[in-house]
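FYI, it's all coordinate maths here, none of it is from the lab. Keep in mind the model is a prediction, meaning the values are calculated, not measured. Cβ placement follows ideal geometry from the backbone for every residue including glycine, while neighbour counts extend to all protein chains displayed.
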Amino acid sequence: MSAAPKLDSLADARDSSVTEYATKGVRKSARANLRLVSPMRVQKASRGIFIVVLLGILSLGGVAVLVINTTLAQGAFTLSELRSQQAELSRAEATLTEEVAALAAPTSLEQQARALGMVPSSAPAFIRVTDGKVLGKPKAAEGAKIATPADATVAEAVTDPALADLPEAPGVGYDPAAADAMANERQQNGLVGAKGKKAKAGVDQWTEPTVIKAEVISEDALLDAVPVQ
Amino acid sequence: MSSRKLPPPRLRDSRTSHASGFASKPIRLGSSTKRGLALMIASTMVLMVFGVRLIDLQAVRGSELASSALDQRLRTTEIPAQRGSILDASGAPLAITVDAKNVTADQTMIDQPAVVAEALAPILGADADILADRLTGERRFIYLAKEVTPDTWEQISELRLPGIFSENSSRRIYPSGELAANVLGFVGEEGSGLGGYEYAYEEQLGGTPGELTFEKGPGGRAIPTGASMRVNAEQGVDIQLTLDRDIQHVAQVAIAEAVQSSGASDGTVVVMDPQSGRILALATAPTFDPNFPTQGVQRNLSNRPLTDAFEPGSTSKVMTLAAVINEGAATPYTPIKVPGVLRRGDKDFHDSSAHGTLNLTLSGVMAKSNNIGTILAAERIGGKKLSKYLKKFGIGQETGLNFPGETKGFVPAHEDWSPTSFPTIAFGQGLSVNAVQATSVFSTIANDGLRVEPSLVSKIIHADGSVEEPEAPQTTRVVTRETAKQVRSMLETVVGEGGTATNAKIPGYRVGGKTGTAQVVNSVTGGYSKDVIASFIGMAPVDNPRLVVGVFISKPKAGRYGGELAAPVFKKVTSYALGALEIPPTGAKAPKLALTFGG
């Protein structure tokens with residue numbers, strides 16, 4: 001009961017103020033429900049914000065496009081870099097696989113072993129570790145003897161100037177410090193090498209192993225490709 | 001926008017209404033309304049056409065059009081599947097696939113073919129004139145060389161020659177060359193297997209190629225954000241064989257030497273582990289290099305140990321005598337009076353050297369490889385039982401190796417035997433076997449009478465690392481343990497003093513085996529020719545056999561007997577294999593079996 005009059009009074013107050021502003025000289029009772037907003041002010045304010053928002057979206061889009069493009073380009077660069085790296089590595093792998101396989105083939109191993117003067121054994125024999133017993137009848141392998149450094153006699157070794165430059169045997173009056181100094185000196189002079197031959201200091205003594213390459217196959221009879229040396 | 005455009009007509013309307021008011025022309029007023037109406041109808045109709053078209057494009061045919069547009073942008077490329085390797089028992093590669101490049105050319109881009117050819121010739125190792133020829137013309141695509149190494153292509157690409165391109169490819173290589181070529185087979189131009197296990201396991205080795213579908217941009221490159229679908233390639237499996245590449249190598253070298261020195265047409269070596277049935281070496285000479293299959297001679301491309309059938313001859317006596325002992329009809333000591341000639345059916349049977357009546361024990365019959373003695377012993381059990389034993393030993397049956405072009409040999413059914421068939425088959429003629437079957441007979445004796453089906457594939461390794469073991473080989477009890485033991489001691493006398501194969505002796509080891517010198521059937525006349533197959537099949541150590549080795553030399557010119565030609569090869573291969581597999585001698589002493597009886 002008390003709420004209703006309160007509401008009425010509020011409505012009256014609003015109505016009167018609005019009506020006063022918008023409609024001067026118009027009868028109060030006829031325009032009771034009309035309210036006028038001020039459109040001009042709102043329009044001005046919203047246009048500014050609108051432009052700012054638009055510009056913001058535009059610049060954001062621009063930045064986004066730039067970022068995406070850069071990322072994609074970067075990705076493409078990385079991709080192509082990794083691709084070429086992968087191609088390089090798989091190329092190396094293919095070459096090495098072939099080399100290893102060819103060198104490890106029994107035919108090649110046998111050749112290398114024979115070059116070292118080894119021959120196949122015709123009588124396999126075993127030593128039993130538990131009691132040291134020899135199982136089987138060991139027999140010297142048959143094959144032609146080839147000359148090796150181990151065959152050199154003492155006299156040859158002494159007269160061979162290359163072999164004469166051997167370190168002194170430790171004995172009476174052996175001075176380890178002096179021996180070390182001498183050894184170092186020899187090493188620096190490059191006197192230590194295969195059979196005492198003078199090896200040039202700083203020069204790599206590693207020699208490339210001969211590579212047996214499987215040949216390039218081409219089914220085109222006219223274009224039989226051969227391996228590249 | 002529309003709110004701004006609307007006011008002017010209203011203004012104009014008001015003006016015209018004013019004007020009409022002054023000029024008072026009623027027709028104009030009507031026509032302008034009509035015109036507006038007409039305009040509205042026209043634009044509505046145009047809009048309707050647009051609308052209909054829009055609905056048609058978007059709703060009715062929308063998905064269809066979208067997909068066909070996508071089809072225009074989509075490109076599908078094949079992801080090749082890598083062919084699996086073939087490995088030996090230790091996992092060492094026998095056949096592998098490596099990356100390679102095909103060198104191609106666009107002839108229209110090449111202005112000076114001679115210069116380009118000159119630059120390419122030394123790298124490709126091809127003739128410059130031929131290359132220049134291939135570089136001249138209007139073709140947009142032509143192969144210059146196929147399957148060159150990536151290194152070779154690298155050298156070419158460094159030259160920056162115009163119109164020279166490459167294409168990814170792969171190359172099958174057999175790093176050990178001729179090693180086991182007969183078993184491995186070879187691949188053809190397209191990289192698919194055409195012979196041997198390369199052919200038999202083509203599907204598993206080859207794998208299934210995958211597919212990559214992507215949206216391509218104007219340049220042909222993939223659109224990074226576009227749709228893409230990838231079906232991964234299913235890589236080929238690796239096949240691990242039971243072959244030991246070192247034993248295989250020794251066997252191949254030994255048989256090649258023997259074939260050459262004896263002037264034989266070909267030769268074969270089979271090395272088996274009797275306990276597992278695994279074939280450790282399967283060598284034949286002459287052979288071919290699978291890296292260059294087209295350069296090989298056609299008859300050398302086959303795997304003779306499995307594809308060639310021959311009459312086994314005396315090595316077959318092992319089956320006959322084992323059957324006789326197993327049936328309890330005789331023992332190694334049973335005396336047999338052997339006449340010089342034996343008439344059966346309408347035929348006189350002789351021995352390789354003429355003799356009067358001999359007093360041989362059953363061991364003596366084996367040691368001297370006596371035909372008549374074998375016939376007399378076989379008659380103690382009869383043909384029906386003998387034919388049953390032959391079948392159990394695997395004669396005339398598939399070996400189970402599933403090798404392409406394999407023969408299963410031939411034994412006539414017992415019902416079809418003529419009066420001379422039984423004595424002939426008893427000493428190894430009138431039936432045919434392949435080398436693996438013949439060796440498998442001795443493997444059965446070596447494995448205490450239990451036949452284990454031979455095998456060549458030990459496992460199949462899938463790309464994901466999972467291992468598939470083939471089915472366990474079938475085993476058949478052929479003769480008793482005791483029979484096998486007795487036959488083995490008889491086989492030892494063959495290699496011993498007075499036997500036919502003293503050349504097979506390996507110092508320190510007890511070795512047993514049997515020689516064979518079988519006549520070769522003349523394919524034209526159907527009768528026997530002068531040619532023979534000299535063979536020796538043996539085992540070591542004979543008191544606990546770990547290795548069975550069969551050697552077969554076909555049509556030798558110098559020499560004739562298994563003991564002189566095949567036994568030395570057996571010795572070479574077996575002594576190496578014993579060392580390589582670390583099989584020590586048993587150290588036991590050989591028992592002495594009497595070869596003769598009486599005086």
Open item on the list: How shielded is A:121-131 by partner chains, expressed as the average number of their Cβ atoms within 10 Å of its Cβ atoms?
Closed with: 5
Open item on the list: Let me confirm one metric for peptide B:368-374, namely the mean number of other chain beta-carbon atoms within 10 Å of its residues' beta-carbons.
Closed with: 0
Task: Estimated distance in nm for a label pair at B:Q260 and B:E215, the labels positioned 7 Å out from Cα along Cα-to-Cβ - done: 6.7 nm
- [ ] Beta carbons within 10 angstrom, averaged per residue: use that to sort the peptides B:108-115, B:569-576, B:468-475, highest first.
- [x] B:569-576, B:108-115, B:468-475
Open item on the list: Show me the trypsin sites (Lys or Arg not before Pro) within region B:32-72 that DSSP assigns to loop and that have at most 14 other Cβ atoms within 10 Å of their Cβ.
Closed with: B:R61
Task: Charge tally in the Cβ shell below 11 Å around B:K557, where Lys, Arg are +1 and Asp, Glu are -1, B:K557 excluded - done: +2
- [ ] First measure r as the distance between the Cβ atoms of B:R75 and B:K391, then evaluate 1/(1 + (r/R0)^6) with R0 = 51 Å and state the FRET efficiency to the nearest 0.05.
- [x] 0.25
- [ ] Under 19 Å from a label point 7 Å along Cα→Cβ of B:A580: give me every residue in region B:177-218 with its amide N that close.
- [x] B:177-185
- [ ] Please work out whether region B:470-595 counts as rounded, prolate or oblate from its C-alpha gyration tensor, where a ≥ b ≥ c are the square roots of the eigenvalues and a/c under 1.5 means rounded, while otherwise a/b larger than b/c means prolate and anything else oblate?
- [x] prolate
Task: Between helix B:245-262 and chain B: long-axis angle, C-alpha atoms, 0 to 90°, nearest 10 - done: 60 degrees
TODO: Using only the alpha-carbon atoms of chain B, report the extent along each of the three principal axes, biggest first, to the nearest angstrom.
DONE: 165, 57, 50
Task: √(5λ) per eigenvalue of the Cα gyration tensor, region B:149-287, largest first, Å - done: 44, 22, 11
- [ ] Give, in nm to one decimal, the length gained when the segment between B:M48 and B:R139 is fully stretched (0.36 nm per residue of separation minus the Cα-Cα distance).
- [x] 27.4 nm
TODO: Apply 1/(1 + (r/R0)^6) to the Cβ-Cβ distance of B:D127 and B:E189, taking R0 = 22 Å, and write down the FRET efficiency to the nearest 0.05.
DONE: 0.55
Open item on the list: Given points 7 Å out from each Cα along the Cα-Cβ axis, report the B:E327 to A:V100 separation in nanometres with one decimal.
Closed with: 5.9 nm
Task: Shielding by partners - mean other protein chain Cβ count within 10 Å, residues of B:145-157 - done: 5
